[in-house]
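Structure first, then comments.
The values are calculated or read from the model by the stated rules, or taken from the named source; none is laboratory data. Values in this document were obtained by computation on a predicted structure and should not be read as measured data. All Cβ positions, even for glycine, are placed from backbone atoms using ideal geometry, and neighbour counts span all protein chains on display. To get the accessible areas, we keep the full protein, side chains included, count just its heavy atoms, and leave off ligands, DNA and RNA. Shrake-Rupley method; radii C 1.70, N 1.55, O 1.52, S 1.80 Å.
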Amino acid sequence: TDLILDLPQGTQPCGGYAPVRVRIARPEDGRQFSGAEGFQVKLTAPSGVSVGIPIECQPGSIEAVGTICWPEVGENWVSVTLDGRSLPGAPHAVQVAPEVACLAASQITGPGAHKCIAGERATFIIETRDQRGNRLREGGFDLEVSLKCKTKAGNDERFRGEIIDFGNGSYEASYVCKVAGNFELVVALGEEELNMKAICEPNV
């Protein structure tokens with residue numbers, strides 16, 4: 001064939017965009033697209049859902065271009081055909097990874113996220129997800145946990161807790177609240193903060 005197919009290479013971010021191009025291999029020979037070529041681009045996601053990708057081919061051009069938005073994490077397949085026949089290099093597999101961690105979409109579990117006992121260490125689990133809800137499978141995010149509460153003197157004070165990175169996208173947060181009463185837990189990642197109301201029960 002005298003056509004070159006340029007498909008996305010490497011891992012792509014979920015929700016991101018990438019171009020698909022079909023180029024004439026030797027435009028110096030004078031060949032151009034008529035604009036009536038029957039290109040078809042299809043994206044098949046890991047769930048099995050397939051969608052057609054519009055591809056623009058202007059009369060007199062030497063390149064046809066389409067844009068893919070990656071809808072799902074995992075192995076996505078891109079097929080490109082011309083008049084029903086696959087172009088060389090297609091179908092093509094593309095790995096799609098989650099975006100960066102989003103605290104608002106992450107899952108927090110464990111009793112320590114809502115209550116604790118004064119003077120005793122409380123824990124909870126943070127399962128990081130991206131803004132689309134895709135679970136992250138690798139660690140390395142600089143998470144912080146702290147609590148804001150009233151001291152015995154009635155002053156506002158902030159105490160920093162501890163984070164253990166399990167290396168698989170999950171983290172254990174722990175803290176100690178010394179004074180019984182209502183307090184606020186703060187989980188932070190960069191400039192994003194997640195605030196949770198909690199209660200510290202007396203140690204009897």
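Overview of results
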quantity: Overall dimensions of the chain by Cα: Rg and Dmax, Å; calculated: 26.1, 89
quantity: Rounded percent of accessible protein surface that carbon and sulfur make up, the chain, 1.4 Å probe; calculated: 48 percent
quantity: Efficiency of FRET between ALA25 and SER47 - r from beta-carbon atoms, R0 30 angstrom, step 0.05; calculated: 0.30
quantity: Lysine pairs in the chain with Cα atoms under 17 Å, if 8 or more residues apart or on separate chains; calculated: 10
quantity: Protein-only accessible surface order, largest first, of GLU120, GLU72 at 1.4 Å; calculated: GLU120, GLU72
quantity: For segment 103-187: accessible area per residue (Å², 1.4 Å); calculated: 55 Å²
quantity: Value in Å of the Kirkwood radius, where segment 93-183 supplies the Cα pairs that are averaged; calculated: 14.4 Å
quantity: Segment 134-202: translational diffusion in µm²/s, Stokes-Einstein, Kirkwood Rh over Cα pairs, 37 °C, 0.692 mPa s; calculated: 250 µm²/s
quantity: Partnerless cysteines, meaning none of the other Cys C-beta atoms lie under 4.7 Å away, in the chain; calculated: CYS14, CYS57, CYS69, CYS102, CYS116, CYS149
quantity: Length-normalised contact order of segment 105-148 in % [C-alpha pairs under 8 Å, at least 6 apart]; calculated: 37 percent
quantity: Packing-based ranking, highest mean first, of 123-136, 158-171 given that Cβ atoms within 10 Å are counted; calculated: 123-136, 158-171
quantity: Accessible surface of ASP83 - all protein chains present, 1.4 Å probe, nearest 10 Å²; calculated: 120 Å²
quantity: Solvent-accessible surface ranking, highest first, for TRP77, TRP70 at 1.4 angstrom; calculated: TRP77, TRP70
quantity: Shape call, segment 1-94: gyration tensor on alpha carbons, a/c limit 1.5; calculated: prolate
